[in-house]
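Report on the structure given below.
Rule-based calculations on the coordinates, nothing more; no lab input. Values in this document were obtained by computation on a predicted structure and should not be read as measured data. Counting neighbours? That spans all protein chains shown, and the Cβs are built from the backbone with ideal geometry, glycine included.
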2 protein chains.
Amino acid sequence: MSLINRLDANDADFGQQLKTLLAFDASQDEQIEQSVAKILGDVRQRGDEAVLEYTQRFDHVKANHIHELEIPLADCVAALNALPAEQRKALENAADRVRAYHEKQKTASWTYTEADGTLLGQKVTPMDRVGLYVPGGKAAYPSSVLMNALPAKVAGVPEVVMVTPTPGGSRNAIVLAAAAVAGVDRVIAIGGAQAVGALAYGTQSIAGVDKIVGPGNAYVASAKRRVFGTVGIDMVAGPSEILVICDGTTPADWIAMDLFSQAEHDELAQAILLCPDAAYLDEVYASIGRQLPNMPRADIIRTSLANRGALIKVRDLEQACEIANEIAPEHLEISTENAAAWAEKIRHAGAIFMGRYSSESLGDYCAGPNHVLPTSRTARFSSPLGVYDFQKRSSLIEVSREGAQTLGKIAATLAFGEGLQAHAESARYRLD
Amino acid sequence: MSLINRLDANDADFGQQLKTLLAFDASQDEQIEQSVAKILGDVRQRGDEAVLEYTQRFDHVKANHIHELEIPLADCVAALNALPAEQRKALENAADRVRAYHEKQKTASWTYTEADGTLLGQKVTPMDRVGLYVPGGKAAYPSSVLMNALPAKVAGVPEVVMVTPTPGGSRNAIVLAAAAVAGVDRVIAIGGAQAVGALAYGTQSIAGVDKIVGPGNAYVASAKRRVFGTVGIDMVAGPSEILVICDGTTPADWIAMDLFSQAEHDELAQAILLCPDAAYLDEVYASIGRQLPNMPRADIIRTSLANRGALIKVRDLEQACEIANEIAPEHLEISTENAAAWAEKIRHAGAIFMGRYSSESLGDYCAGPNHVLPTSRTARFSSPLGVYDFQKRSSLIEVSREGAQTLGKIAATLAFGEGLQAHAESARYRLD
């Protein structure tokens, strides 16, 4: 069996082959859906009591009051202080860089005044309170705490509430340390659909939030979809993907490792390389075979590459860019000479890494941009998580008496045309 | 029976009364859900053929090919030319103002370069193709065509495809005229869930879009929710609302008519007035009674005001602003002296109308800002429809060789901490 699929973009049936490779069944599990609906209804109705019951049932943590499940901020600071110096410094450096990048995303309110004195504008305000879901167990990544909490704090959200399950009572120290670095305002040791419900609807002890962000398992994803509308949510992410465009000048071992770094996330992760140089693709293939046995997560990588990975021979870099726009990848590495020039041709990608030194892993942790990115082709219409996800806009309209004379006539004409007479009369009352 | 509810914000149980007043059951109809799921599945699988069948069944329009359902742009221009001069001018003036306001919302790409040569930034690009749903029959508003299509065109979307059902073959001339004014690129006479499915999945004759916007009935709303993820959608809107804060200095008839202008939309629409002056509230009540019989849509207004409307006595304007932030209304009129100063205190509202000349109806048609606004308290976390809804962002990362030395160490440390060795190795390969 092949280590990774080998395709040629100029085969007659390449279009169909690519479609098959990219296909991903996001169908929902009916049993999970029903279970989540019940938990949410229960939390909505009974509040704290229901949250405590589910926490005991699922996490085996018994508490008589939500306060017992609060993790004091002092514990987070203590966890940070207890980290090995190098790890602490890495976390703080990463946070500084992520904060600096996101500062550039802030948008300000604006207004303008027309000749007749009418003022128009847009007021930009942060949300009041945001919830951050952090998974328990192995999938708890401190980098994810930084990437989700920092844009909210940069946006000016006064209260970021983190929820994270502590199965059997075991806390993840580095996640708590990251919460301290990111400036999270409150931490509660609850998880699952019950935590999402508590954040969305509010309970006696947990104030409802305006938006819930952060990754989670199928239960959490289902709960987020269901509370959407009551609160905002971030995108429900599909499996992670990388697309590498290479001209054959980057060491093959580097590119093979870049593919691994995506594939090691999970068996459904997708790593694809596009290159016009057939000999180079052979080199990468050989490197994969050589390096794979040494990887601690070799089994996951092997399955991911065999089922969903591909080395694709393209005619030229021009064609590679066209395919990239079709795929609209979450991560795109352009590992070529003059990478910035090729990046000009890219219309759809979550993040574009240019040049051979820009490995995706640098962006995942500390380059500055967010690592929460649109997956499964949604980069065609959505964006990386950012400060703009925690700010919202209100239109500002102050019509002058003079302005009302012009606008009132236009509005009345259009309102009558739509059969909305009260609209028309309301506008006409403002005419002198 | 009272024409409109009368509440006092300083009653002991006001909190509960307000909650009851605002409550709105958005529960979904199971039969609609099932029917929509079937239609979408069918369109996804059989494409044009299914769209043609459903169009014949639901709209009683028979066609053998989608091309027969295309409405040529020349027909839209002809519809515009056939409008009475005053109506045409009003439509064009409104479009000019909406376009000018939305031009200010455009965001540009940016980059910055660090001391070691590492470049970071954000690339902003328009979507490739956007679908605009326009309802058939009476709910077809030309203003809505402008408000949905213009931000997409300002964003630079090359192709805006409008779908609108023509039941029994009857076209809405003023909607087609608005499409011509807004610069819509293609118009197809299809509607319902089948049109949403065609736009989302694409068919033999209809290219799939990246996002679908625009209002519709319960079938359309359900279909939009279901295709979300495959494409982007705008918010699924609840009933429209207005909240008026008045200090008692605006003529009572004006304010009563402003409440009507919301209530006439539909029986679930909500119109609420907050005022510290009890005598003024009585005046507005009397004005409602006096003016209501003259309104062509009196029945709708009467039901809306009696069930969902309220005149609320507040302690002072300070308290009115607090209640407004709690309600987070779609439309907020601050009909007071020094309205701009009170607007400073508003954190959550779709659009803020300041001063007695700024009636909501002016904003609905021609002031400039969008009339597609967040309803049902979602202004706490979402924004008016805007140019930003048709642009998306890609992160840009070009790490220099020197930069990789710093970033590689941070990333490797954090990656090892998370147990992701391929991430760490990929970063370490970039170290000299």
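Points worth noting:
- Using a Förster distance of 25 Å, the FRET efficiency for B:R315-A:E49 (Cβ separation, nearest 0.05): 0.10
- Note on chain A: dipole from Cβ charges, positive end direction compared against A:L119, A:T375, A:Q319; the farthest Cα belongs to A:L119.
- The Rg/Rh ratio for segment B:174-226, using Cα coordinates for both the radius of gyration and the Kirkwood hydrodynamic radius, is 0.97.
- Length-normalised contact order for segment A:282-432 - Cα pairs under 8 Å, 6+ apart - percent: 14
- Residue order for B:K409, B:K19, fewest other beta carbons within 10 angstrom first, comes to B:K19, B:K409.
- Most fluctuating residue given options B:G41, B:G191, B:G232, as computed from a GNM of chain B linking Cα atoms under 10 Å: B:G41
- Per-residue mean of C-beta atoms belonging to partner chains within 10 Å, peptide B:257-264: 5
- Shape analysis of chain B places it in the oblate category; the axes a ≥ b ≥ c from the Cα gyration tensor give an a/c of at least 1.5, with a/b not above b/c.
- Close amide H partners of A:V187, meaning residues 5 or more places away or on another chain with modelled amide H under 5 Å apart, are A:I71, A:M162.
- For B:K38 and B:H60, the FRET efficiency from 1/(1 + (r/R0)^6), where r spans their Cβ atoms and R0 equals 22 Å, is about 0.65.
- Peptide B:398-406 shows a mean partner chain C-beta count of 5 within 10 Å per residue C-beta.
- The ranking of B:V213, B:V161 by Cβ neighbour count inside 10 Å, starting from the fewest, reads B:V161, B:V213.
- Mean ellipticity per residue at 222 nm, deg cm²/dmol - from DSSP H runs of n ≥ 4 across the protein assembly as shown, formula -39500 (n - 2.57): -13500 deg cm²/dmol
- Placing unit charges on the Cβ atoms only, positive for Lys and Arg and negative for Asp and Glu, gives segment B:308-432 a dipole magnitude near 260 debye about its Cα centre.
- Euclidean distance of C-alpha centroids, segment A:335-406 and segment B:273-305, integer Å: 47
- Dipole size of segment A:1-128 about its Cα centre, with +1 on Lys/Arg Cβ and -1 on Asp/Glu Cβ: approximately 400 debye, rounded to the nearest 20.
- Simple point charges give the picture: +1 on the Cβ of Lys and Arg, -1 on the Cβ of Asp and Glu, and for the protein assembly as shown a dipole about the Cα centre of about 100 debye.
- Working from Cα pairs under 8 Å separated by at least six residues, relative contact order for chain A is 20 percent.
- Applying both filters, DSSP loop and at most 12 other Cβ atoms within 10 Å, to the trypsin sites (Lys or Arg not before Pro) of segment A:287-380 gives A:R315.
- Each eigenvalue of the Cα gyration tensor of the protein assembly as shown, multiplied by 5 and square-rooted, gives one semi-axis; in descending order these are 47, 33, 25 Å.
- Neighbour-count order for B:V36, A:V314, fewest beta carbons within 10 angstrom listed first: A:V314, B:V36
- Peptide-level mean, for B:229-239, of C-beta atoms on other protein chains within 10 Å: 3
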